[in-house]
Amino acid sequence: MTKSELIAQLAARHSQFSVADIEMAVKTILDALAKNLSRGERIEIRGFGSFSLSFRPARLWRNPKSGERVQVPAKYVPHFKAGKELRDRVDFPL
Amino acid sequence: MTTLTKADLAELLFEKVGLNKREAKDVVESFFDEIRLALEKGDIVKLSGFGNFQCREKPQRPGRNPKTGEEMPISARRVVTFHASQKLKSQVEGAQIGTPNAE
């Protein structure tokens, strides 16, 4: 499912809104998620999961091709942990 | 440090998109529900500029009860993984946790 398919699904579910409104709503939600994470703030969506940041310390990296050594600075990377409801709904018996 | 919740997202839809509070709450709920439904079906959810959610099948593997040290297998299961897009990665890379960014 792509973003535009998600928008189409939501528009069908909420037919009182124009597709443009739904598009705007999806963009607003995704922007807010990204913006909050970039401020170092957690996101907790009950029934879905939580987003947080994990720290990656600085490290020395060697380019295997050139043998060159590069210092990779410390950084944060996004992390998602599925919530209980999502975990249970996805993990039906194989 | 604050945590963003569904109520905050609904508030934003009220302010920025002009949905009323009831509708805003419903749309936020449906947004995550549609993603969940797609994942349940085994679909990959690709949200360009944000990241991909994917359902992966993990085989059974050996595990151990951390309390008793007793060995027991961890059963095969389906789990959801999230891969942030390059854009989201570069947005959060320099986050200063605990020191709010001046905007």
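The values are calculated or read from the model by the stated rules, or taken from the named source; none is laboratory data. Computed from a prediction, not measured in an experiment: that's the story for all the values here. We place every Cβ from the backbone using ideal geometry, glycine too, and count neighbours over all the protein chains shown.
Confirm whether residue A:50 is surrounded by fewer than 11 Cβ atoms within 10 Å (Cβ to Cβ) and within 25 Å of residue B:7 (Cα to Cα).
On the way: surrounded by fewer than 11 Cβ atoms within 10 Å (Cβ to Cβ): no; within 25 Å of residue B:7 (Cα to Cα): yes.
Taking the combined requirement at face value, the residue does not satisfy it.
Using the structure shown, decide if residue A:13 is without any contact (Cβ under 8 Å) to a residue 24 or more places away in the chain and farther than 21 Å from residue B:30 by Cα.
Numbers: without any contact (Cβ under 8 Å) to a residue 24 or more places away in the chain: yes; farther than 21 Å from residue B:30 by Cα: no.
Spelling it out, it is not the case that residue A:13 is without any contact (Cβ under 8 Å) to a residue 24 or more places away in the chain and farther than 21 Å from residue B:30 by Cα.
Against the condition over 14 Å from the mean Cα position of the chain (by Cα) and not aromatic (Phe, Trp, Tyr), how does residue B:22 come out, does it pass?
Details: over 14 Å from the mean Cα position of the chain (by Cα): yes; not aromatic (Phe, Trp, Tyr): yes.
So residue B:22 fits the description; yes.
For the stretch B:1-15, which positions are of a type outside the set (Asp, Glu) and at pLDDT 95 or above? Reasoning before the result, please.
Let us first name the residues in the stretch B:1-15 that are of a type outside the set (Asp, Glu), namely B:1-7, B:9-10, B:12-14.
Correct list: B:4, B:5, B:6, B:7, B:9, B:10, B:12, B:13, B:14.
Kindly indicate whether residue A:90 is among the β-branched types (Val, Ile, Thr), out of contact with any Phe, Trp or Tyr (no Cβ under 7 Å at 6 or more places or on another chain) and within 10 Å of another protein chain (Cβ to nearest Cβ).
Working: among the β-branched types (Val, Ile, Thr): yes; out of contact with any Phe, Trp or Tyr (no Cβ under 7 Å at 6 or more places or on another chain): yes; within 10 Å of another protein chain (Cβ to nearest Cβ): yes.
Judged against the criteria, residue A:90 is a match.
Could you please give the count of residues in the stretch B:6-63 that are among the polar types (S, T, N, Q) and touching a Lys or Arg at 6+ places or on another chain (Cβ under 6 Å)? Write out each step before concluding.
Start the filter on the stretch B:6-63 by keeping residues that are among the polar types (S, T, N, Q), which leaves B:20, B:30, B:48, B:52, B:54, B:60.
Okay, now just the ones that are also touching a Lys or Arg at 6+ places or on another chain (Cβ under 6 Å), so B:30, B:48, B:52.
Result for the stretch B:6-63: 3.
Would you confirm whether or not the stretch A:13-20 contains a residue that is out of contact with any Ser or Thr (no Cβ under 9 Å at 6 or more places or on another chain), over 17 Å from residue B:36 (Cα atoms) and either crowded, with 18+ Cβ neighbours inside 10 Å or at the interface with chain B (Cβ under 8 Å from one of its Cβ atoms) (or both)?
yes
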